[in-house]
There are 2 protein chains.
Amino acid sequence: MSLGGIEAGGTHWNCVLSPDGEEIDRVESFPTTTAAETIARAIEFFAGVPDLEALGVGSFGPVEVRRDSPRWGTITTTPKPGWRDTDVVGPLAEALAVPITLDTDVNVAAIGEWRRGAARGLGTFAYVTVGTGIGGGVFAEGRPLHGLLHPEVGHIRVPHDRERDPFEGSCPFHGDCLEGLASGTALRRRWGRPAEELADPAAWDLEAEYLALGLSNLVLVLAAERIVLGGGVGRAPGLIPRVRTRLREILAGYIDRPQLTTDLDAYLVPPALGHRSGLVGAIELASRAREPR
Amino acid sequence: MSLGGIEAGGTHWNCVLSPDGEEIDRVESFPTTTAAETIARAIEFFAGVPDLEALGVGSFGPVEVRRDSPRWGTITTTPKPGWRDTDVVGPLAEALAVPITLDTDVNVAAIGEWRRGAARGLGTFAYVTVGTGIGGGVFAEGRPLHGLLHPEVGHIRVPHDRERDPFEGSCPFHGDCLEGLASGTALRRRWGRPAEELADPAAWDLEAEYLALGLSNLVLVLAAERIVLGGGVGRAPGLIPRVRTRLREILAGYIDRPQLTTDLDAYLVPPALGHRSGLVGAIELASRAREPR
């Protein structure tokens, strides 16, 4: 038998197979073009797998993840051209005729890190990715959190000292929310160059400041046991240690747990699975789709 | 049989009995004095109940709520004089010899609103109380959230426009966190009078601004299905409608759910049980203590 997984991202889709829910065998990656073309390529990949048993999908969003909704599996209000109101799960289910489980791309990456990575077996944690945008998957008491829709931690508000940083923010909805101040898009607009070409320590101090303010809010609202920080910007050398330092200072010892006073090195960590968190999570979802619900 | 509940607050303790887990029969209220004296009064109250079967306790915090911790039931880093490192559950358990269940005062109020109030049966919501301080109980996917310790939503950071509001904040740990800017203590310090004597509309606009910023963060991190806003300051006439208006504006339609775009009246609500949320929640905890775990 084979389990299939799709990491359905806004720029690339990755399709993956696993013979046993552990090992990951084969990955095919292609750019996210039109909805019809992209979904068709995924179908083509999995249609060639005769023993496909179930499929797990982690999708960019906002996406309807409530199984009982008539729009289950539909990408809704995305600003991505041509993708608004796209039913992703429907065509896959029809063409492949296997059980499908779906969650947001960031919840699926969180599931991967929970299953085999940096958040193994934890009850309550957040997986935060800082790239073009900022997103986050949340586990609460051992399960991915959905709630009204799903968490959108990138869009929380944090203090913005306009004397230190007059940049007005890049979020088309909120201006200077966390994503508007600290995403890769924000860095590029503020400093006139992409994050990977940014060497000014002041720029990275400011970045660490915003991320630490944002993460402190996650710590306090969720009582998170750990935070996994990934994504293209999140991987920048030296960033996580700077964020740890400011996070400890911002929390100021109020939460009297060693994780947040002395052991920040084990509290705020990069993803243990690197780029593969979402693939591992998608296979885990597939293995759950297979089981009786 | 009788179920007992204690609302163990920082200024008052309320003890309550219920014959059936529904009806609330008798309440005794006394001020929170020294730890020994206050706990002794609660023991005295319940020792006179011959058929007491179980006890539910909602305690001010920070309090150790992990049942497997050797410090379970101990109030830890409270700044309240004489209460630091006070074992609350130990003496009650020893004297009364009944099963005890414990949670934070705000989680217990959330349990009350979930059981019979404004959040009946919801999976994911927050109960936020704005009084002398700001606290919040959180339900995630149908259960009170604990995580590393328990949520401390009052201490999240929100934007603070020092031109509009030069007040530096009243929180001894964080200065201008949400509690430092919007609690009753902050209002008294900033305006020189208690909230109940504050009539200036500009003061209440500022209060609504901070609360809406803080609650928007809860909405985005938790994907909360509803927020219940209570407490002495939270009850101020006209405050909740102001907060609803600003909350809708701050979220700016990003979460495309009617609850957050058009139906805010049903989204941000006062506690349906008024002052009794915590008592109902404590009895609910007691009824769970009685059941096999």
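Below, the figures for the structure above:
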| item | result |
| --- | --- |
| Count - residues of the range B:257-271 that are of a type in the set (D, E, K, R) and facing chain A (nearest Cβ under 9 Å) | 1 |
| Out of A:110, A:119, A:95, A:126, sole residue that is of a type in the set (A, V, I, L, M) and in contact with a Ser or Thr (Cβ under 9 Å, 6 or more places away or on another chain) | A:110 |
| Checklist (1) within 24 Å of residue A:151 (Cβ to Cβ); (2) of a type in the set (Ser, Thr, Tyr); (3) more than 13 Å from chain A (Cβ to nearest Cβ) applied to residue B:216, failing item | (3) |
| First in the range B:233-253 and closer than 23 Å to residue A:174 by Cβ and among the charged types (D, E, K, R), second anywhere and open to solvent by less than 10 Å² (accessible area, probe 1.4 Å) and part of a helix (DSSP H, G or I), Cβ under 6 Å, 6 or more apart | B:242/B:208; B:244/B:264; B:246/B:208; B:246/B:212; B:248/B:264 |
| All positions within the range A:136-166 that are open to solvent by 20 Å² or more (accessible area, probe 1.4 Å) and more than 11 Å from chain B (Cβ to nearest Cβ) | A:164, A:166 |
| Residue count, the range B:124-148 (criterion: within 27 Å of residue B:80 (Cα to Cα) and more than 15 Å from the chain's Cα centre (by Cα)) | 2 |
| Residues satisfying the stated conditions in the range A:220-251, i.e. facing chain B (nearest Cβ under 8 Å) and under 15 Å from residue A:139 (Cα atoms) | A:220, A:221, A:222, A:223, A:224, A:225 |
| Some residue of the range B:128-144 being outside any strand (DSSP E or B) and closer than 22 Å to residue A:139 by Cβ | yes |
| The range B:51-62: number of residues that are in contact (Cβ under 8 Å) with a residue 60 or more places away in the chain and either within 14 Å of chain A (Cβ to nearest Cβ) or small (Gly, Ala, Ser) (or both) | 5 |
| Enumeration of residues in the range B:187-222 that are touching a Ser or Thr at 6+ places or on another chain (Cβ under 7 Å) and surrounded by 24 or more Cβ atoms within 10 Å (Cβ to Cβ) | B:222 |
| Selection within the range B:167-186 - among the acidic types (Asp, Glu), more than 20 Å from residue B:104 (Cβ to Cβ) and open to solvent by less than 50 Å² (accessible area, probe 1.4 Å) | B:176 |
| Boolean, residue A:165 is farther than 29 Å from residue A:282 by Cβ, out of contact with any His (no Cβ under 7 Å at 6 or more places or on another chain) and either modelled with pLDDT of 95 or more or of a type in the set (A, V, I, L, M) (or both) | yes |
| Leading residue by the ranking (nearest to residue B:133 (Cα to Cα)) among those in the range B:225-278 that are open to solvent by 50 Å² or more (accessible area, probe 1.4 Å), part of a helix (DSSP H, G or I) and in contact with a strand residue (DSSP E or B) (Cβ under 8 Å, 6 or more places away or on another chain) | B:266 |
| Boolean, residue B:128 is under 21 Å from residue B:276 (Cα atoms) and open to solvent by less than 20 Å² (accessible area, probe 1.4 Å) | yes |
| Test result for residue B:123, free of Cβ contacts under 8 Å to residues at least 60 places away in the same chain, open to solvent by less than 50 Å² (accessible area, probe 1.4 Å) and within 14 Å of chain A (Cβ to nearest Cβ) | no |
| Members of the range A:128-143 found to be modelled with pLDDT of 95 or more and either touching a Phe, Trp or Tyr at 6+ places or on another chain (Cβ under 6 Å) or within 19 Å of residue B:147 (Cα to Cα) (or both), listed by number | A:128, A:136, A:137, A:138, A:139, A:140 |
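Matching residues to (1) closer than 28 Å to residue B:160 by Cβ; (2) of a type in the set (A, V, I, L, M, F, W, C):
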position: A:61; (1), (2): no, no
position: A:69; (1), (2): no, no
position: A:123; (1), (2): no, no
position: A:148; (1), (2): yes, yes
position: A:156; (1), (2): yes, yes
position: A:163; (1), (2): yes, no
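The values are calculated or read from the model by the stated rules, or taken from the named source; none is laboratory data. Quick caveat, the model's predicted, so the values are computed rather than measured. Because the Cβ atoms are built from the backbone with ideal geometry, glycine has one as well, and the counts that use them run over all protein chains shown. Accessible surface is based on the protein model in full, side chains and every heavy atom, while ligands, DNA and RNA are left aside. Shrake-Rupley method; radii C 1.70, N 1.55, O 1.52, S 1.80 Å.
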